[in-house]
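K.L.:
Below you'll find the structure I mean.
The values are calculated or read from the model by the stated rules, or taken from the named source; none is laboratory data. All figures in this text were calculated on a predicted structure; none of them were measured in a lab. All Cβ positions, glycine included, derive from the backbone under ideal geometry; neighbour counts span all protein chains shown. Heavy atoms of the whole protein, side chains included, go into the accessibility calculation; ligands, DNA and RNA do not. Shrake-Rupley method; radii C 1.70, N 1.55, O 1.52, S 1.80 Å.
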Amino acid sequence: MVSVAILGAAGVAADISHIATNAEVKAFLGPTQLADAVTNVDLAIIPAGVPRKPGMTRDDLFKINAGIVKSLVEAIAENSPKAIIAIISNPVNSTVPIAAEVLKAKGVYDPKRLFGVTTLDVVRASRFVRDIRPELDATTLRVPVVGGHSGNTIVPLLSIASSPIKLSTEERDALTHRIQFGGDEVVKAKDGAGSATLSMAYAGARFADSIIRALGGESVVEPTFIPLAADPEGANQIRELGAGDLEFFAVTVELGKEGVKSIVQLPTSNLTGFELKAIAVAAEALTTNISTGVNFVKNA
């Protein structure tokens, strides 16, 4: 079943119901129907919130989006406590910790079933590499991206991409910056009318499809921002790279029927000093981002 709970839900649901699938589509609108919208769901995807405008960072969205995510996760916890929750709402570095605290308070927290959707960072990395190396195929190229989902917390590991990429120092620096701040290009181009939607929809659909395939028994690999408690042993490699004692980090994971099956181990011996330094910078910023989310719930 596809459940739509947004402004104009009836029209969107009618539109979606014309697509040739076997899914049942239902529309729910407003807070009075929220519980019905999230009852007995296997996968809840949360893209709700306000978009960025020129000059805004993802953190500027926090005050509005934090409350929205908290309310939605509370409803999911009460009506579908076993649901896998995938959060798109920015700032992901803080909204995922908010969700974790809400689930803990409700007594239904399972770190294997909570995800921050960072697929867009990987999608951009593949595309932006192809922009300067047109001989490569962006649809098959995979660049691991670790850390978080904003600015310098986004760390593309270009040195261990699925296809070798030879870059000058200048190209590496420019490419890394573009991957980290690519969203600003869209915000500027839309001139105040919003942020990335179509590329984000593609990335979100790819992640949702991966989760659904995993629920069906397939082994699927995807990048995502997760609680490292989902795979404590696998997380040791991340901590050794300089992530310290962070509770959340973007990693590449193997998905399974229960959510996170394992954290995929990277060929870290090939990482460059530039990348290791970037991971350390990301970890420092993430410490603040995560605390912001946790404290929001504790002080609510």
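For every residue, the table says whether it meets (1) in a helix (DSSP H, G or I); (2) of a type in the set (A, V, I, L, M); (3) touching a residue at least 40 places away in the same chain (Cβ under 8 Å); (4) touching a strand residue (DSSP E or B) at 6+ places or on another chain (Cβ under 7 Å).
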| residue | (1), (2), (3), (4) |
| --- | --- |
| 182 | yes, no, yes, no |
| 187 | yes, yes, yes, no |
| 199 | yes, no, yes, no |
| 214 | yes, yes, yes, yes |
| 238 | yes, yes, yes, yes |
| 254 | no, no, no, yes |
| 265 | no, no, no, no |
| 283 | yes, yes, yes, no |
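K.L.:
Right, here's the next one. Does residue 286 count as more than 27 Å from residue 64 (Cβ to Cβ), under 17 Å from the mean Cα position of the chain (by Cα) and surrounded by 21 or more Cβ atoms within 10 Å (Cβ to Cβ)?
P.N.:
So residue 286 fails the test.
K.L.:
Scan the stretch 232-252 for residues that are farther than 19 Å from residue 286 by Cα and either in contact with a Pro (Cβ under 7 Å, 6 or more places away or on another chain) or buried (at least 16 other Cβ atoms within 10 Å of the Cβ) (or both) and jot them down.
P.N.:
The answer is 234, and nothing else.
K.L.:
Working only within the stretch 213-234, note down all residues that are among the charged types (D, E, K, R) and closer than 18 Å to residue 266 by Cα.
P.N.:
Scanning the stretch 213-234 gives 222, 231, 233.
K.L.:
Scanning the stretch 36-87 for residues that are in contact (Cβ under 8 Å) with a residue 24 or more places away in the chain and of a type in the set (Lys, Arg), which turns out nearest to residue 261 (Cα to Cα)?
P.N.:
Out of the qualifying residues, it is 82.
K.L.:
Condition (residue is over 14 Å from the mean Cα position of the chain (by Cα) and farther than 21 Å from residue 300 by Cβ) applied to the stretch 88-108: is it met by at least one residue?
P.N.:
No, every residue in the stretch 88-108 fails to be over 14 Å from the mean Cα position of the chain (by Cα) and farther than 21 Å from residue 300 by Cβ.
K.L.:
Inside the stretch 187-203, can you point out the residues that are surrounded by 18 or more Cβ atoms within 10 Å (Cβ to Cβ) and over 19 Å from residue 155 (Cα atoms)?
P.N.:
Hits for the stretch 187-203 are 187, 195, 196.
K.L.:
Continuing with this model, one more query. Scan the stretch 129-148 and give yes if some residue there is of a type in the set (Gly, Ala, Ser) and open to solvent by 60 Å² or more (accessible area, probe 1.4 Å), otherwise no.
P.N.:
no
K.L.:
Might you check whether a residue that is among the basic types (Lys, Arg), open to solvent by 50 Å² or more (accessible area, probe 1.4 Å) and modelled with pLDDT under 95 occurs anywhere in the stretch 75-90?
P.N.:
So far as the stretch 75-90 goes, no, none of its residues is among the basic types (Lys, Arg), open to solvent by 50 Å² or more (accessible area, probe 1.4 Å) and modelled with pLDDT under 95.
K.L.:
Criterion first (part of a loop (DSSP other than H, G, I, E, B), closer than 25 Å to residue 112 by Cβ and either free of Cβ contacts under 8 Å to residues at least 60 places away in the same chain or not small (Gly, Ala, Ser) (or both)) does residue 20 satisfy it?
P.N.:
So residue 20 fails the test.
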